[in-house]
Amino acid sequence: MEPLYNIAEAGALVSQTFKIGGLFGGYRHISIFPVPQDNAVGSNDMGNAITVISFPKGKIDYDKYFRHVEDIAGRGKYLPPISSDLIGFGQVRVFHLFDFKKKLHREYDIVFPVTQYIDNIAIADARQRRFLFEIESQKVNPKSSFDVDIFLQLVELSGENHKVIKEIKEEPGTVLTTTKDRVFLYQVFGRQLLVFNMNLEPAHHPLEDVVKQYKDLLNPFEKKIGFSRIRLHPNLPFAILYGGYRGSTFINWSKDRDNTPHLLIDYTTDFSFSPDGKWVVFLKDYPEPAMTYIMPVSEMYPHYLGSPIMISKNSFKAGQGAWTTNPTAFVGTNLDKIYRCDLENQDFPEKGKMSFHDYIVQEDLRKLTREKRQGLGK
């Protein structure tokens, strides 16, 4: 199976580059995460505070919040904004909750034994302050470093202490993915996709049927296209599967399109959709050096995804990249630099008549049609 796109044919956009901390710098390897504020990302690595890094008129600015909070520096398990005033992230065994409106910080002990730690976090119900915590627990006499127990807990943090609502044990080699109303547990070794609602009760999603239908084609152990990670689009009926033998795979459950999985791009990983769903960012990780690309998303494409565009010759792993809103931009950090690609305020011929996203889609479809790709131009 040939991939839908060849990364060697990708175009490029120019990103802004800033020295972290201004002219005199002083910070390196900072983590960043999305925040409710417009045109901004956050960091917990610039002193004992939450630093909101904004980009007014294409420049960079820093605002400090929660200066009184101690020991919050260091990488974390980050979330999208919980609400317009609330953010949170986990660190090892605790979860920090920050309320910008009330200027309130709370720290919750999620696990207590030193043999347990937080492996993953997701929002289950923002209104009820319910979250999903994936907990790794080391065994007393493990057979190997991979011989651990994994539990998925539904936890409520509406009071002073955390309250476990429900817990399920995961099979070895299970990978967690969530959307706004579904929890997906993919058992890599058994190649089974389990679906739950946000209360951890068994549920259904159309992706489950498509994965089951093409189970043999998606087998990662027979050097087929395979996958171990899932990224579902927030609104459209498709997902990107990756972590398999060759790279990424497009799969959809639309009623009026072919549901056969298609290899998307070779050797690509770490996909993340923009909050408005109009873009997806990802890494090309082989051959080195790893680089960062985006693709436009539109129902006008036969497979919803457009041609890749390089936005940075750097790679941004988990905790090193985040989306901003109003405007939509992708921000990444590497060493002592911050890189920002604004996807709304670009110069292009039709500026003022249409959005940059719509212009990219328009021109890309014309190119694909001329080249008679993906069934276009026939």
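The values are calculated or read from the model by the stated rules, or taken from the named source; none is laboratory data. What you see is a predicted model, and the numbers here were worked out from it, not measured in a lab. Please note: Cβ atoms are built from the backbone with ideal geometry, for glycine as well, and neighbour counts cover all protein chains shown. Side chains are part of the model used for accessible areas, which takes the heavy atoms of the whole protein and leaves out ligands, DNA and RNA. Shrake-Rupley method; radii C 1.70, N 1.55, O 1.52, S 1.80 Å.
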How do MET300, MET354, MET1 rank by accessible surface area computed with a 1.4 Å probe, from largest to smallest?
MET300, MET1, MET354
Of all GluC sites (Glu not before Pro) in region 112-181, the ones in DSSP coil with at most 13 other Cβ atoms within 10 Å are GLU160
Under 26 Å from LYS139, Cα to Cα: lysines that are on another chain or at least 8 residues apart
LYS77, LYS163, LYS166, LYS169
How many percent of the accessible area of region 121-259 is carbon or sulfur, using a 1.4 Å probe?
45
Kindly provide the helix-only [θ] at 222 nm of the chain, computed as the sum of -39,500 (n - 2.57) over DSSP H runs of four or more divided by all residues, to the nearest 500 deg cm²/dmol?
-2000 deg cm²/dmol
If I take the Cα coordinates of region 1-44 and project them onto the principal axes, what are the three extents in Å, biggest first?
47, 26, 19
Roughly to the nearest percent, how much of the accessible area of region 265-378 is carbon and sulfur, given a 1.4 Å probe?
49
Candidates per GluC sites (Glu not before Pro) in region 6-109, loop by DSSP, up to 13 other Cβ within 10 Å
GLU70
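I'd like to check one number: the per residue accessible area of the chain, probe 1.4 Å, reported in Å² as a whole number. Intermediate results must be reported in sequence, preceding the final value.
On the way: 18490 Å² over 378 residues.
Here the residues of the chain average 49 Å² of exposed surface.
From the Cα gyration tensor of region 265-378, with a ≥ b ≥ c the square roots of its eigenvalues, which class applies: rounded if a/c is under 1.5, or else prolate if a/b is larger than b/c, or else oblate?
Numbers: a/c = 2.15, a/b = 1.36, b/c = 1.59.
Oblate, because a/c is 1.5 or more while a/b does not exceed b/c.
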Rounded percent of accessible protein surface that carbon and sulfur make up, region 1-65, 1.4 Å probe
54
Of all GluC sites (Glu not before Pro) in region 275-375, which ones are in loop regions per DSSP and have a Cβ with at most 16 other Cβ atoms within 10 Å?
GLU299, GLU344, GLU350, GLU371
What the Cα atoms of the chain span along the principal axes, largest first and in whole Å, is 63, 52, 37
May I ask for the percentage of alpha-carbon pairs in region 39-163 that lie more than 24 Å from each other?
34
